Amino acid sequence: MGAGASADQGHILIASNGTGDLILINGPIAGAAFAGLVDPRAGFSAALADQGRVGPPPTSQAALAKLPVVRVSADDLAQDENAACCVCLEKHSVGDPVLRLPCGHLYHEACAMSWLKEHCTCPNCRYELPTDDADYEAGRKARMRHRRPRYRLGELMDLSVHHLRDLLRDAEVDASRLRGVCEKRDLVRCVIDTKAVDLVADPLPLALDVDVMRNEWSVKQLHDLAARVGVDVAGLDSTEMIDVLLDSGKIIPA
């Protein structure tokens, strides 16, 4: 390489990573080191650090803590992409507890956590969750600007006030829209009106004879119904199960 070569001509360096292996470095860092524009040792360290990262950074602990565990419903299974956990490829069944990502995809909690602690992307659709990497975040936010989290109305109603406010903040909703908004129902309305999320249509509720349910249905029948519509009734007696099903809005009196 001639002495007059510029730093952007695609120089290539071969450097040791300190473990006895040789690593190929190219691009601006290599060119700048050749031209004397940077301290080669600092340049090598930066390049080696960059080349050591494979894929996106881990999901932030704060983002992981917000991911809800839900029960698989029959409507979830009607979507091909949610028929199985695409990490372990095991099929989901109605009533299974699963972790729900903001994009709407469902995974076994252990599978999702194992993946997300290493990568911030949904294994299915590459939706990017928040990270603690400040350099990465600028690009992530730009890429995710037009990809909103997906929720059903019932799921929004189950979120805490704090989580609803986080959704509005992440969507960069003007703070003036939130003045005086304190009640959960008002926050949910604000989330919907500002299009902070993509609202997924809820399936129509099932119309059932509640008296028949109370007097004739077995505990197993009630459990099967709850699993079918994705309502958690673990540990409840028959009366409590029916009340929870009615409160969910997924069952209405015929």
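The values are calculated or read from the model by the stated rules, or taken from the named source; none is laboratory data. Values in this document were obtained by computation on a predicted structure and should not be read as measured data. Note: ideal-geometry Cβ built from the backbone for every residue, glycine included; neighbour counts use all protein chains shown.
The condition of being within 29 Å of the chain's Cα centre (by Cα), β-branched (V, I, T) and part of a helix (DSSP H, G or I) holds for only one of V233, V188, that being V188. If you go through segment 143-159 one residue at a time, do you hit one that is more than 20 Å from L106 (Cα to Cα) and aromatic (F, W, Y)? No: zero hits.
Scanning segment 62-79 for residues that are in a helix (DSSP H, G or I) and either in contact with a Pro (Cβ under 8 Å, 6 or more places away or on another chain) or among the polar types (S, T, N, Q) (or both) returns A62, A63, D75.
Okay, residues lined up against (1) under 18 Å from Q61 (Cβ atoms); (2) modelled with pLDDT of 85 or more; (3) not acidic (D, E):
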position	(1), (2), (3)
N124	no, yes, yes
E128	yes, yes, no
E137	yes, yes, no
R140	yes, yes, yes
R143	no, yes, yes
L159	no, no, yes
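Scanning segment 116-133 for residues being closer than 16 Å to R150 by Cα and of a type in the set (D, E) gives a total of 1. Within segment 124-147, the presence of a residue that is among the polar types (S, T, N, Q), in the same structural domain as A62 (by TED's automatic domain parsing), in contact (Cβ under 8 Å) with a residue 12 or more places away in the chain and surrounded by fewer than 14 Cβ atoms within 10 Å (Cβ to Cβ) is excluded. Residue count for segment 80-110 satisfying the condition of being exposed (fewer than 12 other Cβ atoms within 10 Å of the Cβ) and outside any loop (DSSP other than H, G, I, E, B): 2.
Is it the case that segment 164-173 has a residue that's among the hydrophobic types (A, V, I, L, M, F, W, C), touching a residue at least 40 places away in the same chain (Cβ under 8 Å) and in contact with a strand residue (DSSP E or B) (Cβ under 9 Å, 6 or more places away or on another chain)? No, segment 164-173 contains no residue that is among the hydrophobic types (A, V, I, L, M, F, W, C), touching a residue at least 40 places away in the same chain (Cβ under 8 Å) and in contact with a strand residue (DSSP E or B) (Cβ under 9 Å, 6 or more places away or on another chain).
What tally of residues in segment 201-218 results from selecting those that are within 33 Å of the chain's Cα centre (by Cα) and surrounded by 13 or more Cβ atoms within 10 Å (Cβ to Cβ)?
Within segment 201-218, the subset within 33 Å of the chain's Cα centre (by Cα) is 201-207.
Filter once more, so that each one left must be surrounded by 13 or more Cβ atoms within 10 Å (Cβ to Cβ): 202-203, 205-206.
Residues flagged as within 33 Å of the chain's Cα centre (by Cα) and surrounded by 13 or more Cβ atoms within 10 Å (Cβ to Cβ) within segment 201-218 amount to 4.
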